[in-house]
Amino acid sequence: MTVDLEEPPTVAPPPPRPRRRPRWLIPLLVVVLLGQMAVAMVVTAVQQTPTIDEPVYVGTAVTYLEQRSLRYNPEHPPLGKMIIAAGVAFAHPHLDPAFRGYQGELGRHVLYEAGNDPYELMFLARLPMIILTLLFGLVAFAFARDLVGPLGGLLALTLYTFSPDVIAHGSLATLDVPAAGFLLTALWLSWRARARPYLYLPLAGVALGAALATRMSALPMVPVVMLLAFLALRRLRGVAAAVGVAVIAFAVIWVAYLIVDPRLGWVEPTGMPVVSGLRGLVVDLLPVPEPYRDGLRIQFAFEDKAFRGFLFGHLYRGSLWYYLPAALLVKTPIGMMLLWLAGTVSMLTVRRLRVAALYLVLPAGLLLAVAMTGARDYGTRYAIFMPIFGAVVAAAVVAVKWRWARVSAAALALFVAVSSLRTFPYYLPYSNEAFGGPSATHLRLHDSNVDWGQDLGRLADRLRERYPGERVWLVYRGSGSPAAYGITATSPYRVPADQVHGLLVVSDSSVAKAGTALKALIASSGEPIDEVGHSITIYRR
């Protein structure tokens, strides 16, 4: 008898397990990205002399330490300057108790007349801001990771740490990056409050208050964060949460002022502008200390003035509503703008991410719309929240179900990194490749976009190395003291033009706003023979 033996069925081998990413890889990449940013900011901080705004903030910080006085720089709340003071304190700065003068004179006195080392003082003033900027990078990473996972976090951190604007202004003792970073932190904590509202909403209120206590331009975000607090709990509890967040935020403002001067011994400055109408009503109703109200009045008075601007070679008086978008187009890396756009589209089309648009796209759009109405067309620093918020928005592209999405995002991020590294260490005058790079920025923009007085020290080195002993005629726009850096120069306006012989050295912002006399001097000087830091041009006459 024959028995048919059936062959056993063939069993397919189990699919290979996907290789797990080493746990240490993401933290290592985070450290590397933040490390290169730290190096870029420290080098920039060491090499640059004071920008136009910094001496005022540093001088005010010293008065906080020495005199517990709020009388200087009332147009800005104290928290940012308190952070600067935390670094300045290590220099043990001197301040003449008998000094009397306005805030610009105070900054020059502290840096150049009171016996302090301006290099040491400026570096220590900038150091806390550098550290804070790095910490905000961790917030950007954490926010994006919460939205789309660790790869999205890395993409956001890459864009943040290679942003020329964030590096440039994060390495200065100014208030723009801290205010935007605190706002990003408030939005991230509001996002997390959707799961644990009672833990994160009070922290969001503290972060919002820190932004308000740094710059008054953060005020439009109060109703936004209140709305997000309401959405975390809804109904009556949501209303209570929204009110509670606002109360905490305004309490932080009060605490900041009371830390500087526990008695709030405020004396209204002479000539305080009168603000009426809706703006006056807002000033009167806000639950803030009187110095904050007066600061708001000063800011509103600034908005009623007509300042001179410069855009794409055109000098004008007043402000242009499209100035900031145009300036961002010049000064933002091309790959970064493409990723902002792709991230916004992804956030609005991927269903699970649509709610995140309320936490990122809406705030960025609101802040940009408000900033575009401003009277001062002085630079993209007034929209520094764009590269900070935009880094997190861009991370949304990794959630798109298209096989080339992540590869394309990585390629664009690499393009951003290369563009940023090529401008090292001249981040302030950066412009992207479509507009000729940092050497051409002065042809299209001015002020803090390119020349904010930051290259006086570099100019001193250049004159000493290449032009020793030559007569120097200087038109410098900035807050620094040329003599303090070893520059012996004369103003060309003091003598007839035909007596100006030697080197004519001109700040590029002065070139942009040149009057008849300076235009004639430049026109009769021929082609430039040198430039310093992409912000100062040298002619030979």
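For region 74-84, the Karplus equation 6.51 cos²θ - 1.76 cosθ + 1.60, evaluated at θ = phi - 60°, returns couplings of x, 5, 10, x, x, 4, x, 6, 5, 5, 4 Hz by residue, with Gly and Pro reported as x. Taking every alpha-carbon pair under 8 Å whose residues sit at least 6 apart, region 46-88 reaches a relative contact order of 46 percent. Helix 118-148 and the longest principal axis of the Cα set of the chain meet at an angle near 20°. Just the protein heavy atoms count here, and of the accessible area of region 119-194 at 1.4 Å, carbon and sulfur take up 71 percent. Other residues lying with their Cβ under 12 Å from the Cβ of residue 64 contribute a combined charge of +1, Lys and Arg counting +1, Asp and Glu -1.
Can you classify region 222-345 as rounded, prolate or oblate using the Cα gyration tensor, where a ≥ b ≥ c are the square roots of its eigenvalues, rounded means a/c under 1.5, and otherwise it's prolate if a/b beats b/c and oblate if not? Cα axes put region 222-345 in the oblate bin. The H on the amide N of residue 309, modeled in the peptide plane, is under 5 Å from the matching H of 316, 317, 318, each at least 5 residues off or on a different chain.
Shown in residue order for region 442-450 are the 3J(HN,Hα) couplings computed by the Karplus curve 6.51 cos²θ - 1.76 cosθ + 1.60 at θ = phi - 60°: 5, 6, 10, 9, 9, 6, 5, 6, 8 Hz (x for Gly and Pro). Taking a cut-off of 30 Å between Cα atoms, list the lysines near residue 513, but don't count ones fewer than 8 places away on the same chain. Result set, ordered by chain and number: 305, 331. Amide H to amide H distances under 5 Å link residue 490 with 472, 473, 474, where only residues 5 or more positions off or on other chains count and H is placed in the peptide plane. Among 293, 68, the order of accessible area from largest down is 68, 293, computed with a 1.4 Å probe on protein heavy atoms. The residues packed around residue 96, meaning those with a beta-carbon under 12 Å from its beta-carbon, carry a net charge of -2 if Lys and Arg are +1 and Asp and Glu are -1.
Averaging the sequence gap over all C-alpha pairs within less than 8 Å and six or more residues apart, then dividing by the number of residues, gives the chain a relative contact order of 16 percent. Taking DSSP loops as anything outside H, G, I, E and B, show the longest stretch in the chain free of GluC sites (Glu not before Pro) there with at most 11 other beta carbons within 10 Å. Of all site-free stretches, the longest is 7-469.
Scalar couplings 3J(HN,Hα) for region 365-371, obtained by applying the Karplus form with A = 6.51, B = -1.76, C = 1.60 to θ = phi - 60°, are x, 5, 4, 5, 4, 5, 4 Hz; x denotes Gly and Pro. Here region 507-541 and region 144-175 have alpha carbon centers that stand 36 Å from each other. The candidates 466, 354, arranged from most to least accessible area with a 1.4 Å probe in the full protein assembly, appear as 466, 354. Over region 413-453, calculate the relative contact order: mean separation of alpha carbon pairs under 8 Å at least 6 apart, over the residue count, as a percent. It comes to 31 percent, rounded to a whole number. Taking amide H atoms as placed 1.01 Å from N in the peptide plane, the amide H of residue 540 lies under 5 Å from those of 504, 529, each 5 or more residues away in sequence or on another chain. For region 304-331 versus region 202-270, the inter-centroid distance based on Cα atoms is 32 Å. With contributions of -39500 (n - 2.57) from each DSSP H run of at least four residues, the per-residue ellipticity at 222 nm computed over the chain stands at -17000 deg cm²/dmol. Quick check on region 282-421: take the gyration tensor over C-alpha atoms, sort the square-rooted eigenvalues as a ≥ b ≥ c, and tell me if it's rounded (a/c under 1.5), prolate or oblate. The shape class here is oblate.
The values are calculated or read from the model by the stated rules, or taken from the named source; none is laboratory data. These numbers were taken from a predicted model, which means no experiment stands behind them. No Cβ is skipped: glycine too gets one built from the backbone with ideal geometry, and neighbour counts run over all protein chains shown. To get the accessible areas, we keep the full protein, side chains included, count just its heavy atoms, and leave off ligands, DNA and RNA. Shrake-Rupley method; radii C 1.70, N 1.55, O 1.52, S 1.80 Å.
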